[in-house]
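Presented below is the structure to which this report refers.
The values are calculated or read from the model by the stated rules, or taken from the named source; none is laboratory data. Predicted model, so just to flag it, every value in this text is computed and none were measured. All Cβ positions, even for glycine, are placed from backbone atoms using ideal geometry, and neighbour counts span all protein chains on display.
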Amino acid sequence: MKWRIAALVNGFKDATAYRVEFLFEVLGSAFVPAAIQWVLWYAMFKIGGANEIAGMGYSDMIRYTMVSLLFTQVRGGDHDFELQEMIRSGQLSNYILRPVGLVEFVYIRGMAPKLLIAGMALAVGSVAGMFFGISPGRLLGAMVMAFIGNVIHYQIGAALATTAFIWEEAFSFLMVKNMLVSLLSGELLPLSLFPKNMQWIWQSTPFYLYVYGPVQYSLGHWSHAYFFQQLAWSGVWLVIGWVLIRASWGLGMRRYLSLGG
Amino acid sequence: MNTLAKLLRVYAVQIKNNFVREAVYRVNFLAGMATDVVWIGVEFTLFTVIYANVPQLAGWTKPQVYFFLGIFFASDALFTTFFQRNFWNFSDLVNKGELDILLTKPVHPLFLALTRWINLTNLFNLALGLGIVVRFGPEAGFQGGWRWLVLAMWLLVGMSTQLLLRFAFSIWIFWTERSWAITRMYYQFFQFATKPDTLYPKMIRYLILTALPFAFISSIPARALLHGLSWGEYAGLAAVLGCFLAFNTVMWRLGLKRYQSASS
């Protein structure tokens, strides 16, 4: 437990060492995608004159975009890239000599800024929620789901990073994963806009648990029962992720040469 | 003329070196191509989903937006192939003092700084972008013929715009310790280039046509090829790019004056 707390503290220090950059990154990565979403709604409703799309009006879309801001910053993180770089460059050797689980250590250190952001998002969301009728309980539940999503995201990334044991690097695979997540998490648009024959695409991945699910629950579009059902699904995904990591790292370490994968 | 011939000879050597390096890392080459295909797939899916709900988007039909995307990918591929990697290494040139070596060479240091790394994998993306333009051009209303030459010119405009913008964001490394915050900001703003400019509300549209001219990468080229531009728009484009060129030139000179070798 002691090293876990130390790793978390280390992560906090790292995130807050360059405060201006940290703030810039959070604001930039939050507001530009939101502005892009707003532009799409503006073009569809205000310029195009649509009244309702997939059961959602202009104000519903704006509400979705605003609330999604709280969760888009919690999802993801670059620590899976850190893992693949360690494998590629041979830095992994420094870590495997220590009495810590490497995959867990990198995650805990990398999640520190996300915890900070989640706290900020909860505070902002609770205040804003008073004006927009969002219950603090739902917001808290949604944040829990978003954070579980963050773990699943890392698990998938950590498993993909092991391709660096076989090939020169795993950078491209991780980029592909991030691109798919940006669309299938509901960060770019509500997943309910997908035509019926395309719904299976996002339903068959865990990515909707990162943004779309938390937003739906916050806005009251999911019942408590349905939310808990989805939470149970996220538990299943966590187990799958754990198995994936055990298998891929077990196989990968057999191939590892300390000068790189 | 002699200078140009010398630069071309140096550039030919750079291309050869980069080709040899990429041939060694074949899996990276394939993985890079896979990334590009997925990126294109994501952008297409986004608009496919939107057009499943509306017939038009701010006057753009589905084939027209696909045509726009084709130009965007082709133009971006040109920049990524010939310049992008150099900008990733730009901060090291200044922070680690690697610029010293370039300053001692008998060729303009900026030429060497911006042409050293070439990412030939991305020529595949150029082919994909052009394939999309060819596939959706007729449906979008692109009349082809001699306009293909104009299309080539617009792709170069898009690439030059990215080069000028990226440079304007990177040059601050002479004054700052770390560049990644500004670089990330550039890529956030870059997202404005991925949608046609007429979709944006007036304020953002004005911004991406002037101070941050991301619309010149593909939006203005697509509109010019489909509907033509007014003289005012041509003049605006030339003035904005001219201003960026002047700004970058001045900042480069000021930056060099400030440069203190490895301790910068």
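A few points about this structure:
- Hits in the range A:49-63 (condition: under 16 Å from A:Gly186 (Cα atoms) and modelled with pLDDT of 85 or more): A:Met56, A:Asp60, A:Met61, A:Ile62, A:Arg63
- Residues of the range B:184-220 satisfying the condition of being free of Cβ contacts under 8 Å to residues at least 60 places away in the same chain, polar (S, T, N, Q) and within 11 Å of chain A (Cβ to nearest Cβ): B:Gln188, B:Gln191
- Any hit, the range A:50-73, residues being hydrophobic (A, V, I, L, M, F, W, C), without any contact (Cβ under 8 Å) to a residue 40 or more places away in the chain, in a loop (DSSP other than H, G, I, E, B) and within 21 Å of A:Ala34 (Cα to Cα): yes
- Listing of helices (runs of 4 or more DSSP H) fully contained in the range A:154-256 that carry 2 or more residues being more than 23 Å from A:Phe31 (Cβ to Cβ), within 14 Å of chain B (Cβ to nearest Cβ) and of a type in the set (A, V, I, L, M, F, W, C): A:171-184, A:199-203
- Among the residues of the range B:193-210, the ones that are in a helix (DSSP H, G or I), surrounded by fewer than 15 Cβ atoms within 10 Å (Cβ to Cβ) and at pLDDT below 90 come to 2 in all.
- Lone qualifier among B:Phe83, B:Phe19 - being closer than 24 Å to B:Ala127 by Cα and buried (at least 16 other Cβ atoms within 10 Å of the Cβ): B:Phe83
- Under the condition of being among the aliphatic types (A, V, I, L, M) and within 14 Å of B:Glu43 (Cα to Cα), the residues counted in the range B:57-73 number 3.
- Of all the listed residues (B:Gln56, B:Gln64), the sole one being over 19 Å from B:Ala168 (Cα atoms), polar (S, T, N, Q) and surrounded by 18 or more Cβ atoms within 10 Å (Cβ to Cβ) is B:Gln64.
- Qualifying residue in the range A:86-94 (condition: of a type in the set (Val, Ile, Thr), under 25 Å from A:Ala161 (Cα atoms) and under 16 Å from the mean Cα position of the chain (by Cα)): no
- Take the conditions (1) more than 28 Å from B:Gly131 (Cβ to Cβ); (2) within 14 Å of chain A (Cβ to nearest Cβ); (3) surrounded by fewer than 17 Cβ atoms within 10 Å (Cβ to Cβ); B:Ser91 misses just one of them, which is (3).
- Search result, residues across the range A:124-176 that are under 21 Å from the mean Cα position of the chain (by Cα) and among the aromatic types (Phe, Trp, Tyr): A:Phe147, A:Tyr154, A:Phe171, A:Phe173
- Per-region count, the range B:47-84, residues among the charged types (D, E, K, R) and on the phi > 0 side of the Ramachandran plot: 0
- Filter pass, A:Ile134 being more than 14 Å from chain B (Cβ to nearest Cβ), over 24 Å from B:Val42 (Cα atoms), of a type in the set (Val, Ile, Thr) and in a loop (DSSP other than H, G, I, E, B): yes
- Qualifying position, being touching a strand residue (DSSP E or B) at 6+ places or on another chain (Cβ under 7 Å), within 14 Å of chain A (Cβ to nearest Cβ) and either among the basic types (Lys, Arg) or assigned to a helix (DSSP H, G or I) (or both), among B:Val65, B:Val38: B:Val65
- Sole exception among (1) surrounded by fewer than 18 Cβ atoms within 10 Å (Cβ to Cβ); (2) more than 14 Å from chain B (Cβ to nearest Cβ); (3) under 18 Å from the mean Cα position of the chain (by Cα) for A:Lys13, by number: (3)
- All positions within the range B:21-38 that are at pLDDT below 85, within 24 Å of the chain's Cα centre (by Cα) and not small (Gly, Ala, Ser): B:Arg21, B:Glu22, B:Asn28, B:Phe29, B:Leu30, B:Met33, B:Thr35, B:Asp36
Residues are listed down the side, and each one gets a yes or a no for (1) in contact (Cβ under 8 Å) with a residue 40 or more places away in the chain; (2) among the charged types (D, E, K, R):
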residue: A:Tyr95; (1), (2): no, no
residue: A:Arg109; (1), (2): yes, yes
residue: A:Arg138; (1), (2): yes, yes
residue: A:Met145; (1), (2): yes, no
residue: A:Val181; (1), (2): yes, no
